[in-house]
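Peer 1: Before we start, here is the structure in question, set down as structure tokens.
The values are calculated or read from the model by the stated rules, or taken from the named source; none is laboratory data. Bear in mind that the values here come from a model prediction, so they are computed numbers and not experimental data. In this analysis, Cβ positions are derived from the backbone assuming ideal geometry, glycine residues included, and neighbour counts consider all displayed protein chains. Accessible surface areas use protein heavy atoms only, side chains included; no ligands, DNA or RNA. Shrake-Rupley method; radii C 1.70, N 1.55, O 1.52, S 1.80 Å.
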Amino acid sequence: MDNKIKLHDKFFKPFISYAEMEEAIDRLADRVNADFRDSDDVPIFLCVLNGAIMFTAAMMKRLNFKAELVSIKLSSYQGTASTGTVLIPIGLTAPVEGRRVIIFEDIVDTGNTIVALKEMLLSKGAREVRICTMLLKPDVYKKDERLDYVGKEIPNAFIVGYGLDYDELGRNLPDIYVLDEPKDKHMKYYILFGPPGAGKGTQATAMVEKYNLHHISTGALLRKEIAAGTELGLKAKSLIEAGSLVPDEVVEGMIESEFKTVTGVDGFLLDGFPRTIAQAEALDAILERNGEKVTSIVSIMIPDGMIIERISKRAAIEGRADDADVSVIKNRIDTYHNQTEPLIDYYKKAGTYNEIDGVGTIEEVRDRIFGLVDKF
Ligand code: 5GP
């Protein structure tokens, strides 16, 4: 792939190669073919102009059942941020009454556009409407509507190429590029520590919202790769199924890629990484390569007795068998201490370790965390 490109006033850097997109589209087309192979009706392919032109063409070359093509223009985007307002559709040239429709969309961001379009088609009498999108930003997508076919999931970043534009430029690029924002300010890198039951999940959500951070949980990243069926995901899946750990390099690669590709945030919140000194050193090396460093560890502490109490209470409410057994909980606490203590030393030496008292209400703990993070 070429290096950086300039469109209007902005720079974009290589993100997803044409070859990788074609592979994702191969997999997508196989699924659509399998679902429509035996149907006796003639569905409508609905291309959402202009962004989905290349994707629609790529899909049509691969689909092997009878269908008609209709195009429609409808957009909620101006520049590089979603306006949230969906414009009125222009040019739905064929009647959809009683027909099955497969919408081809370039990218689903908030989902406002696609959900409005689906509702509009159903209100015009379409018998069934399926959504087939080349790309999805799962971190932004807020709707309950099921997306039937998704080619690839991407982080929340602004991209161009393969039909997608920045103010009408860039649609003809075969590869996909991501906005390369000038690094005039440093990003914040927070690492969240806390034993099970410390309220990490709740506090992470509050931090992400208040400080405009991107939450990186290694478990979620792996599940995303696996769901997308990427090469990395397939490798991870076979390792996990064989009961093995995913190698550090794989996890580190995923994290570095998140740092590089996620835009529009002021920093990152790492959760579940690093777990070992080797990983902490690798993280330092990644950040150093990019001219950055760890901002602070946010370590939520509660006494062991309280961990048992909180988890047992949660078990009673949620009926989770693994949480109900005190010896299992004690084991998890031991694992936590054994794993985290060397890291605490590591970050104390680096001068970035900060402890938060996790005893109190959610709001009290949250305010202590905000009091710390406000300083950075
Ligand atoms: P939504 O309604 O889901 O928020 O936005 C969907 C529409 O916004 C897409 O059809 C596309 O036109 C535009 N869009 C969303 N994200 C991007 C992006 O990263 N790059 C470009 N070029 N357009 C985007």
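Peer 1: If we count every other residue with Cβ under 13 angstrom of VAL373's Cβ, Lys/Arg +1 and Asp/Glu -1, where does the sum land?
Peer 2: Its environment carries a net charge of +1.
Peer 1: Fully extended, how many nm does the chain gain between GLU20 and LYS73 (0.36 nm per residue separation, minus their Cα-Cα distance)?
Peer 2: Fully extending the segment from GLU20 to LYS73 adds 16.4 nm.
Peer 1: Ok, one more. Does region 158-247 come out rounded, prolate or oblate, given a ≥ b ≥ c as the square roots of the eigenvalues of its C-alpha gyration tensor, rounded meaning a/c under 1.5 and, failing that, prolate meaning a/b above b/c?
Peer 2: Cα axes put region 158-247 in the oblate bin.
Peer 1: Between beta-carbons, use under 10 Å as the cut-off and find the net charge around ILE216, counting Lys and Arg +1, Asp and Glu -1.
Peer 2: Result for the local shell: -2.
Peer 1: Excluding same-chain residues fewer than 8 positions from LYS142, which aspartates and glutamates have a Cα within less than 14 Å of its Cα?
Peer 2: ASP109
Peer 1: Roughly speaking, what is the centre-to-centre gap between region 182-219 and region 231-263 when only Cα atoms are used, to the nearest Å?
Peer 2: Distance between centres, Cα-based: 19 Å.
Peer 1: Mind telling me which of ASN331, ASN212, ASN354 comes out most flexible in a GNM of the chain, alpha-carbon contacts under 10 Å?
Peer 2: Per the Cα network of the chain with a 10 Å cutoff, ASN331 tops the list.
Peer 1: Further, regarding this structure: Which lysines, if any, have their Cα less than 23 Å from the Cα of LYS348, not counting same-chain residues under 8 positions apart?
Peer 2: Partners found: LYS188, LYS200, LYS293, LYS375.
Peer 1: Over the chain, what is the percentage of antiparallel beta bridges among all DSSP beta bridges, to the nearest 5?
Peer 2: 25
Peer 1: At most 12 other Cβ atoms within 10 Å plus a DSSP loop assignment makes a site exposed; report the longest stretch of the chain without any exposed trypsin sites (Lys or Arg not before Pro).
Peer 2: Here the longest segment lacking exposed loop sites spans 186-319.
Peer 1: How would you classify region 112-199 from its alpha-carbon gyration tensor, with a ≥ b ≥ c the square roots of the eigenvalues: rounded for a/c under 1.5, else prolate if a/b is greater than b/c, otherwise oblate?
Peer 2: Taking the square roots of the gyration eigenvalues as a ≥ b ≥ c, region 112-199 is oblate.
Peer 1: Show the residues, 5+ positions off or on another chain, whose built amide H is closer than 5 Å to the amide H of TYR189.
Peer 2: Answer set, sorted by chain and number: PHE268, THR295, SER296.
Peer 1: Starting from the residue with the highest accessible area, list VAL160, VAL328 in decreasing order, probe 1.4 Å.
Peer 2: Result, largest first: VAL328, VAL160.
Peer 1: From the alpha carbon gyration tensor of the chain, can you work out the equivalent ellipsoid semi-axes (sqrt of 5 times each eigenvalue) and give them in Å, largest to smallest?
Peer 2: 42, 25, 20
Peer 1: Excluding GLY125 itself, calculate the net charge of residues whose Cβ lies under 10 Å from the Cβ of GLY125, where each Lys or Arg counts +1 and each Asp or Glu counts -1.
Peer 2: +2
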